[in-house]
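First comes the structure, then the notes that go with it.
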Amino acid sequence: MLGMDKLLELQELDSAIDRLEHRRAQLEAGEELAAARRAMEEAESQLGELRLASDAVDAESRRLEHEIDSIGAKLAAEEKRMYDGSIVNAKELEALQHEITSLKERRSRAEDDLLELMERREDLDPRAAEAATEVGAARSRVEDLGGDAVREFDEIAAELSAKRAEREALASAFDEELLELYEDLRRQKHGVGAAAIVEGVCQACHEKLSAVELDRLKHADGVKRCEYCRRIVVFV
Ligand SMILES: [Zn+2]
C-alpha cells in the first residue's frame, strides 16, 4: 500500500497545519488583544476612581481650610471684643465667653477633619501613582500586541502555504484508499489518524497492545490499526 512508510510524516505535517490554523483563528478572533484592552480599560477606570476620590478630598480640604480661617477671624474679633473693655455687662460677657469656647471647639473639630483628609490623601496618592503606572503598562501592551499580531499573522500565512504545498506533494504519492481512511480517522479522532507504535504502545491513545496482537500486526499485510483507538499504526 503506497504511502504507509510516509504516513507519520504526513500526520506530522497535518498536525503542524492544524496548529497553525488554530493559532491564526485565535489571532483573527483577537482574543489576546481583546483581553489586553479589557485589562487596560479596567486599569483606566480604577485610576479614574482614584482621581475622583482625590479631587473630592482636595475640595473638602479647601472647604475646611476656609472654614478654619473664617472661624479664626471670628475668634480674633470676639477675643478682641472680650478684652477691649467694650463689654461691661456680666451676662453679655458670659455669652461672649460661651461663643468663644464654641468657636474654639468648632475650629478644633475642623482641624481634626482636615488632618484625617490629609491622611486619606497620603493613602490615595501612591495608589493613584501605581494605577497610572499600570495604565501605562497596559496601554503599551495593547500597542505591542496589535503590532505583534500583524507580524505573526504574516508569518503564519507564509508557513501555512509552505506546509500545505509540502503536504500536497507528499499526499500525491499515497494510495487513495489509505489516504481516505487516514483523513476519515483524522476527522473522527481529534486530527490524529495515524500513530507510531513505540515499545508496543500506541502513541495516540497510549494503550499497550497485547503481545498476541502486536505479533499479529507485525505479520499482517496492508493497513494496521490500533486495537483500542482504531487509528492506523506504524511500527517504528
Ligand atoms: Zn491507539
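At-a-glance table
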read-out	value
Residue list for segment 207-229, filter: more than 10 Å from the ligand (Cβ to nearest atom) and in contact (Cβ under 8 Å) with a residue 12 or more places away in the chain	S210, E213, L214, L217, K218, G222, V223
Hey, H66 under 25 Å from A157 (Cα atoms) and either loosely packed, with under 15 Cβ neighbours inside 10 Å or not acidic (D, E) (or both) or not	no
Hits in segment 162-183 - residues which are assigned to a helix (DSSP H, G or I), touching a residue at least 40 places away in the same chain (Cβ under 8 Å) and either among the acidic types (D, E) or in contact with a Leu (Cβ under 8 Å, 6 or more places away or on another chain) (or both)	K163, E166, R167, L170, A171, E177, L178, Y182
Some residue of segment 187-201 being surrounded by 17 or more Cβ atoms within 10 Å (Cβ to Cβ), outside any helix (DSSP H, G or I) and either among the β-branched types (V, I, T) or free of Cβ contacts under 8 Å to residues at least 12 places away in the same chain (or both)	yes
Neighbours by Cβ (under 6 Å, 6+ apart or cross-chain): first from segment 5-27, under 15 Å from D154 (Cα atoms) and modelled with pLDDT of 95 or more; second of a type in the set (D, E) and assigned to a helix (DSSP H, G or I)	L20/E159
Number of the condition not met by L179 [criteria: (1) surrounded by 17 or more Cβ atoms within 10 Å (Cβ to Cβ); (2) within 13 Å of the ligand (Cβ to nearest atom)]	(2)
Complete set of residues in segment 188-232 that are touching a helix residue (DSSP H, G or I) at 6+ places or on another chain (Cβ under 7 Å) and closer than 21 Å to E177 by Cα	G191, V192, G193, A194, A196, V223, K224, E227, R231, I232
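The values are calculated or read from the model by the stated rules, or taken from the named source; none is laboratory data. Quick caveat, the model's predicted, so the values are computed rather than measured. All Cβ positions, glycine included, derive from the backbone under ideal geometry; neighbour counts span all protein chains shown.
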